[in-house]
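Scroll down for the structure; my scribbles are underneath it.
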Amino acid sequence: MPIITLPDGSQRAFAHPVSVADVAQSIGAGLAKAALAGRVDGRMVDTSFVIAEDAAVAIVTAKDEAALELLRHDAAHVMAQAVQELYPGTQVTIGPAIEDGFYYDFAREEPFTPEDLARIEARMHEIVRRDLPVVREVWEREAAKALFAGIGETYKVEIIEDIIPQGEEVSIYRQGDWFDVCRGPHLPSTGKLGNGFKLTKVAGAYWRGDARNAQLQRIYGTAWRDKKELDAYLHRLEEAERRDHRRLGRQLDLFH
């Protein structure tokens, strides 16, 4: 019978193991709807994470600073799903959250164009509207390798072989028909991502950062809690670019 201690020090006792989502629901329907993840004894987990023993639990919502990294990581997954729906045969490699945004590296012979980015972004919004549940699965290591090898995802096989430490569980996250190997945590569904994201550019990248390896295509994006935050960020970028142009203009005038 787990006893859950909330951030305000109050406690709730449950007669059986409960998920983070259950804890949020016990507090209120509004919090349950707003829940993006949980923090159990200080560790970020999915809302589906089951708590079987006494624990300190906090519900992570969009107001939480930690929510930004979560949203950006999910934006990377939604982008990867969009790319593979639009361009079958493209392999996905690694896609983390970064400062102000996210990226994903893709193995594809044909270069991505600005028009491709617009198509990918539009498909991302469609995937968000589908509101696909994001489900975590734990796989046996060799079975996970066979799964990805079977669909031609050789980079994912290498990630499982060389990057995920031996003895660590292999978790796979599914959203609809699309899936990826990932430690998580992730949002409860793609709909929770909202519309505060934008793809920004394509760049080259080497697999695992080594110039001896295959060159990949890296698509960058930015993601925020909502469209208002996104627009504010893009406005700041535009202002910074204008300042840089003015500064460059003054420097050039010195040579005339």
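The values are calculated or read from the model by the stated rules, or taken from the named source; none is laboratory data. Just so we're clear, the structure is a prediction, and the values are computed from it rather than from any experiment. Ideal geometry is used to build each Cβ from the backbone, glycine not excepted, and the neighbour counts take in all protein chains shown. Heavy atoms of the whole protein, side chains included, go into the accessibility calculation; ligands, DNA and RNA do not. Shrake-Rupley method; radii C 1.70, N 1.55, O 1.52, S 1.80 Å.
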Neighbours by Cβ (under 8 Å, 6+ apart or cross-chain): first from segment 101-112, over 30 Å from residue 226 (Cβ atoms) and β-branched (Val, Ile, Thr); second outside any strand (DSSP E or B) and open to solvent by 10 Å² or more (accessible area, probe 1.4 Å): none
Count of residues meeting criterion [open to solvent by less than 40 Å² (accessible area, probe 1.4 Å) and either part of a strand (DSSP E or B) or over 20 Å from residue 67 (Cβ atoms) (or both)] in segment 220-240: 4
Options 108, 129, 174: the member that is within 16 Å of residue 82 (Cβ to Cβ) and more than 17 Å from the chain's Cα centre (by Cα): 108
Residue list for segment 15-43, restricted to those being in contact with a strand residue (DSSP E or B) (Cβ under 7 Å, 6 or more places away or on another chain), more than 20 Å from residue 187 (Cβ to Cβ) and not hydroxyl-bearing (Ser, Thr, Tyr): 17, 41
Qualifying residue in segment 79-86 (condition: farther than 30 Å from residue 122 by Cβ, in contact (Cβ under 8 Å) with a residue 24 or more places away in the chain and buried (at least 21 other Cβ atoms within 10 Å of the Cβ)): no
Number of positions in segment 1-17 that are open to solvent by less than 50 Å² (accessible area, probe 1.4 Å), touching a helix residue (DSSP H, G or I) at 6+ places or on another chain (Cβ under 8 Å) and either on the phi > 0 side of the Ramachandran plot or part of a strand (DSSP E or B) (or both): 1
Any hit, segment 81-92, residues being charged (D, E, K, R) and not in a helix (DSSP H, G or I): no
Flag for residue 75 being assigned to a helix (DSSP H, G or I) and touching a strand residue (DSSP E or B) at 6+ places or on another chain (Cβ under 8 Å): yes
Residues located in segment 157-189, provided they are under 13 Å from residue 138 (Cβ atoms), open to solvent by 10 Å² or more (accessible area, probe 1.4 Å), β-branched (Val, Ile, Thr) and in contact (Cβ under 8 Å) with a residue 24 or more places away in the chain: 181
Meets criteria (touching a strand residue (DSSP E or B) at 6+ places or on another chain (Cβ under 9 Å) and free of Cβ contacts under 8 Å to residues at least 40 places away in the same chain) for residue 216: no
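Residue-by-condition table, conditions (1) of a type in the set (D, E, K, R); (2) assigned to a loop (DSSP other than H, G, I, E, B); (3) farther than 20 Å from residue 67 by Cβ; (4) modelled with pLDDT of 95 or more:
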site: 129; (1), (2), (3), (4): yes, no, yes, yes
site: 147; (1), (2), (3), (4): no, no, yes, yes
site: 172; (1), (2), (3), (4): no, no, yes, yes
site: 183; (1), (2), (3), (4): yes, yes, no, no
site: 199; (1), (2), (3), (4): no, no, yes, yes
site: 204; (1), (2), (3), (4): no, no, yes, yes
site: 218; (1), (2), (3), (4): yes, no, yes, yes
Per-region count, segment 136-156, residues of a type in the set (Asp, Glu), closer than 22 Å to residue 48 by Cβ and open to solvent by less than 60 Å² (accessible area, probe 1.4 Å): 1
Matching residues, segment 106-127, being part of a helix (DSSP H, G or I) and open to solvent by 80 Å² or more (accessible area, probe 1.4 Å): 114, 115, 119
Per-region count, segment 185-197, residues hydrophobic (A, V, I, L, M, F, W, C) and part of a helix (DSSP H, G or I): 1
Residues (among the hydrophobic types (A, V, I, L, M, F, W, C), in a helix (DSSP H, G or I) and surrounded by fewer than 20 Cβ atoms within 10 Å (Cβ to Cβ)) located in segment 24-64: 27, 29, 31, 32, 34
Residue among 74, 105, 100, 131 that alone is touching a His at 6+ places or on another chain (Cβ under 9 Å) and charged (D, E, K, R): 74
